[in-house]
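> Before I ask anything, here is the structure I am working with.
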Amino acid sequence: MGIKIFINGSKLNIGFSACHFIVDHFKCSKLHGHNYIVSISISGEKTDEKMGFVFDFLEAKRIIKDIISRFDHKVLIPKKSKYVNIIDLGEEIEVKVSKKRYIFPKEDVEILEIESLSAEHLAKFIAEEFIRKIEEGNIKEIVVRVEEKEGQGVEYVHRC
Ligand SMILES: [Zn+2]
(Lines give C-alpha, C1' and ligand atoms only; values in the text may rest on other atoms or scores of the structure.)
Protein backbone atom coordinates (compact mmCIF):
# COMPACT_ATOMS: atom_id res chain seq x y z
CA MET A 1 0.00 0.00 0.00
CA GLY A 2 1.62 3.22 -1.15
CA ILE A 3 4.73 4.69 0.43
CA LYS A 4 6.08 4.16 3.92
CA ILE A 5 8.47 6.50 5.69
CA PHE A 6 10.30 5.32 8.77
CA ILE A 7 12.13 6.74 11.74
CA ASN A 8 14.40 4.12 13.31
CA GLY A 9 14.77 5.01 16.99
CA SER A 10 17.67 2.62 17.41
CA LYS A 11 19.75 4.32 14.70
CA LEU A 12 18.62 7.84 15.61
CA ASN A 13 18.86 7.43 19.37
CA ILE A 14 15.20 8.16 20.05
CA GLY A 15 13.99 6.72 23.32
CA PHE A 16 13.73 7.17 27.02
CA SER A 17 14.96 5.65 30.23
CA ALA A 18 12.24 4.70 32.69
CA CYS A 19 11.24 2.43 35.56
CA HIS A 20 8.15 0.24 35.67
CA PHE A 21 6.63 -2.96 36.98
CA ILE A 22 4.26 -5.54 35.50
CA VAL A 23 1.51 -6.55 37.95
CA ASP A 24 1.99 -10.07 39.33
CA HIS A 25 4.58 -11.13 36.76
CA PHE A 26 6.94 -13.64 38.42
CA LYS A 27 10.00 -11.54 37.56
CA CYS A 28 8.86 -8.17 36.21
CA SER A 29 6.55 -7.35 39.12
CA LYS A 30 9.71 -6.01 40.82
CA LEU A 31 10.58 -2.40 40.03
CA HIS A 32 13.07 -2.32 37.18
CA GLY A 33 14.07 -0.15 34.26
CA HIS A 34 14.61 -0.13 30.52
CA ASN A 35 16.30 2.09 28.00
CA TYR A 36 13.31 2.07 25.69
CA ILE A 37 13.74 2.63 21.97
CA VAL A 38 10.87 4.19 20.00
CA SER A 39 10.46 3.96 16.23
CA ILE A 40 7.65 4.92 13.92
CA SER A 41 6.62 4.32 10.34
CA ILE A 42 3.95 6.27 8.50
CA SER A 43 2.29 5.04 5.32
CA GLY A 44 0.40 7.10 2.80
CA GLU A 45 -1.06 6.54 -0.62
CA LYS A 46 0.51 9.66 -2.07
CA THR A 47 2.90 12.45 -1.28
CA ASP A 48 1.87 16.07 -0.94
CA GLU A 49 2.01 18.11 -4.11
CA LYS A 50 4.60 20.71 -3.19
CA MET A 51 7.38 18.93 -1.27
CA GLY A 52 6.68 15.36 -2.27
CA PHE A 53 6.54 14.06 1.31
CA VAL A 54 4.24 11.47 2.84
CA PHE A 55 5.25 12.98 6.18
CA ASP A 56 8.13 15.30 7.12
CA PHE A 57 10.89 13.33 8.92
CA LEU A 58 11.73 16.31 11.11
CA GLU A 59 8.12 16.70 12.16
CA ALA A 60 7.77 12.97 12.94
CA LYS A 61 10.90 13.07 15.13
CA ARG A 62 9.81 16.26 16.88
CA ILE A 63 6.38 14.83 17.75
CA ILE A 64 7.73 11.48 18.99
CA LYS A 65 10.40 13.17 21.13
CA ASP A 66 7.78 15.53 22.52
CA ILE A 67 5.48 12.63 23.51
CA ILE A 68 8.17 10.52 25.18
CA SER A 69 10.02 13.35 26.94
CA ARG A 70 7.55 13.14 29.82
CA PHE A 71 8.51 9.47 30.43
CA ASP A 72 12.25 10.02 30.64
CA HIS A 73 13.88 9.32 34.01
CA LYS A 74 10.51 8.65 35.61
CA VAL A 75 8.78 5.83 37.42
CA LEU A 76 5.82 5.04 35.16
CA ILE A 77 2.54 4.12 36.85
CA PRO A 78 -0.57 2.78 35.05
CA LYS A 79 -3.57 4.81 36.15
CA LYS A 80 -6.16 2.66 34.37
CA SER A 81 -5.01 -0.61 35.93
CA LYS A 82 -7.65 -1.97 38.27
CA TYR A 83 -4.83 -3.81 40.06
CA VAL A 84 -2.90 -0.66 40.99
CA ASN A 85 -4.11 1.73 43.65
CA ILE A 86 -2.64 5.24 43.42
CA ILE A 87 -3.00 7.62 46.35
CA ASP A 88 -2.01 11.27 46.18
CA LEU A 89 -0.21 12.24 49.39
CA GLY A 90 0.63 15.78 48.31
CA GLU A 91 4.40 15.82 47.77
CA GLU A 92 4.42 12.04 47.39
CA ILE A 93 2.53 9.33 45.57
CA GLU A 94 1.63 6.09 47.28
CA VAL A 95 1.22 3.07 45.03
CA LYS A 96 -0.32 -0.16 46.27
CA VAL A 97 -0.09 -3.24 44.12
CA SER A 98 -0.70 -6.81 45.27
CA LYS A 99 0.91 -6.98 48.72
CA LYS A 100 3.41 -4.20 48.02
CA ARG A 101 3.34 -0.52 48.87
CA TYR A 102 5.63 2.08 47.32
CA ILE A 103 5.99 5.76 48.16
CA PHE A 104 7.64 7.95 45.50
CA PRO A 105 8.39 11.68 45.38
CA LYS A 106 5.77 13.10 43.03
CA GLU A 107 8.41 14.65 40.78
CA ASP A 108 9.89 11.19 40.09
CA VAL A 109 6.60 9.69 38.90
CA GLU A 110 4.61 9.87 35.67
CA ILE A 111 1.08 8.56 35.95
CA LEU A 112 -0.22 7.45 32.56
CA GLU A 113 -3.80 6.89 31.35
CA ILE A 114 -2.90 3.33 30.52
CA GLU A 115 -3.95 -0.17 31.65
CA SER A 116 -0.46 -1.60 32.02
CA LEU A 117 3.13 -0.54 31.48
CA SER A 118 3.69 -3.38 29.04
CA ALA A 119 5.42 -2.43 25.78
CA GLU A 120 2.09 -3.31 24.12
CA HIS A 121 0.20 -0.60 25.97
CA LEU A 122 3.06 1.90 25.73
CA ALA A 123 3.19 1.51 21.94
CA LYS A 124 -0.59 1.98 21.68
CA PHE A 125 -0.46 5.02 23.96
CA ILE A 126 2.35 6.65 21.95
CA ALA A 127 0.57 5.92 18.66
CA GLU A 128 -2.67 7.46 19.90
CA GLU A 129 -0.85 10.54 21.20
CA PHE A 130 0.91 10.86 17.84
CA ILE A 131 -2.38 10.67 15.94
CA ARG A 132 -3.92 13.34 18.15
CA LYS A 133 -1.08 15.70 17.19
CA ILE A 134 -1.27 15.37 13.41
CA GLU A 135 -3.70 15.84 10.57
CA GLU A 136 -4.25 12.40 9.12
CA GLY A 137 -4.87 13.70 5.58
CA ASN A 138 -3.10 11.36 3.15
CA ILE A 139 -1.93 8.96 5.91
CA LYS A 140 -3.27 5.41 5.90
CA GLU A 141 -1.30 3.64 8.59
CA ILE A 142 0.96 4.44 11.51
CA VAL A 143 3.10 1.81 13.22
CA VAL A 144 4.78 2.62 16.51
CA ARG A 145 7.47 0.25 17.70
CA VAL A 146 8.55 0.22 21.34
CA GLU A 147 11.56 -1.89 22.24
CA GLU A 148 12.50 -2.53 25.85
CA LYS A 149 15.92 -3.41 24.55
CA GLU A 150 17.14 -3.68 21.02
CA GLY A 151 15.48 -6.67 19.37
CA GLN A 152 12.71 -7.15 21.96
CA GLY A 153 9.61 -5.10 21.50
CA VAL A 154 6.16 -4.49 20.16
CA GLU A 155 4.64 -2.89 17.11
CA TYR A 156 1.26 -1.25 17.42
CA VAL A 157 -0.52 -0.75 14.11
CA HIS A 158 -3.08 2.03 13.70
CA ARG A 159 -5.05 2.23 10.45
CA CYS A 160 -6.40 5.68 9.75
ZN1 LIG B 1 10.20 -4.28 32.11
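> Identify, from the list Lys82, Lys99, the residue that is of a type in the set (Lys, Arg) and under 25 Å from Val146 (Cα atoms).
When all the criteria are applied, what remains is Lys82.
> Still on this structure, please answer the following. Got a number for residues in segment 90-130 being assigned to a helix (DSSP H, G or I) and either surrounded by 15 or more Cβ atoms within 10 Å (Cβ to Cβ) or within 16 Å of the ligand (Cβ to nearest atom) (or both)?
Count: 12.
> Same structure, new question: Considering only residues that are surrounded by 15 or more Cβ atoms within 10 Å (Cβ to Cβ) and of a type in the set (Gly, Ala, Ser), look in segment 33-64 and name the one that is farthest from the ligand (Cβ to nearest atom).
Ranking the qualifying residues of segment 33-64, first place goes to Gly44.
> Condition first: in a loop (DSSP other than H, G, I, E, B) and of a type in the set (Lys, Arg). Now tell me which residues in segment 33-77 satisfy that.
Lys46, Lys50, listed by residue number.
> Could you give every pair whose Cβ atoms fall below 7 Å, whose first residue belongs to segment 143-155 and is more than 17 Å from Lys61 (Cα to Cα) and in contact (Cβ under 8 Å) with a residue 12 or more places away in the chain, and whose second residue is aromatic (Phe, Trp, Tyr) and surrounded by 21 or more Cβ atoms within 10 Å (Cβ to Cβ), counting only separations of at least 6 or pairs across chains?
Matching pairs, first to second residue: Glu148/Tyr36.
> Go through the residues of segment 9-32 one by one and say whether even a single one is part of a loop (DSSP other than H, G, I, E, B), at pLDDT 95 or above, among the polar types (S, T, N, Q) and more than 16 Å from the ligand (Cβ to nearest atom).
The answer is yes, given that some residue of segment 9-32 is part of a loop (DSSP other than H, G, I, E, B), at pLDDT 95 or above, among the polar types (S, T, N, Q) and more than 16 Å from the ligand (Cβ to nearest atom).
> List, please: which pairs have Cβ atoms under 8 Å, are six or more places apart or on different chains, and start with a residue in segment 28-49 that is without any contact (Cβ under 8 Å) to a residue 12 or more places away in the chain and end with one that is within 9 Å of the ligand (Cβ to nearest atom) and among the aromatic types (Phe, Trp, Tyr)?
What qualifies is Cys28/Phe21; Lys30/Phe21.
> Just the residues that are farther than 21 Å from Lys106 by Cβ, within 13 Å of the chain's Cα centre (by Cα) and basic (Lys, Arg), please, taken from segment 44-92.
Matches in segment 44-92: Lys65 only.
> I've got another one for you. When segment 111-160 is examined, which residues are found to be over 29 Å from Val95 (Cβ atoms) and among the polar types (S, T, N, Q)?
Asn138, the sole residue that qualifies.
> Determine whether Ile3 is more than 24 Å from Lys133 (Cα to Cα) and of a type outside the set (Gly, Ala, Ser).
So Ile3 fails the test.
> What number of residues within segment 131-151 satisfy the criterion of being modelled with pLDDT under 95, in contact with a helix residue (DSSP H, G or I) (Cβ under 8 Å, 6 or more places away or on another chain) and within 15 Å of the ligand (Cβ to nearest atom)?
Going through segment 131-151 one residue at a time, the tally reaches 1.
> Here are some residues: Asn138, Asn85. Which one is farther than 16 Å from Ile7 by Cβ, in contact with a Lys or Arg (Cβ under 8 Å, 6 or more places away or on another chain) and in contact (Cβ under 8 Å) with a residue 40 or more places away in the chain?
Exactly one residue qualifies, and that residue is Asn138.
The values are calculated or read from the model by the stated rules, or taken from the named source; none is laboratory data. Just so it is clear, the structure is predicted and the values come from calculations on it, not from any experiment. Cβ: placed from backbone, ideal geometry, glycine included. Neighbour counts: every protein chain shown.
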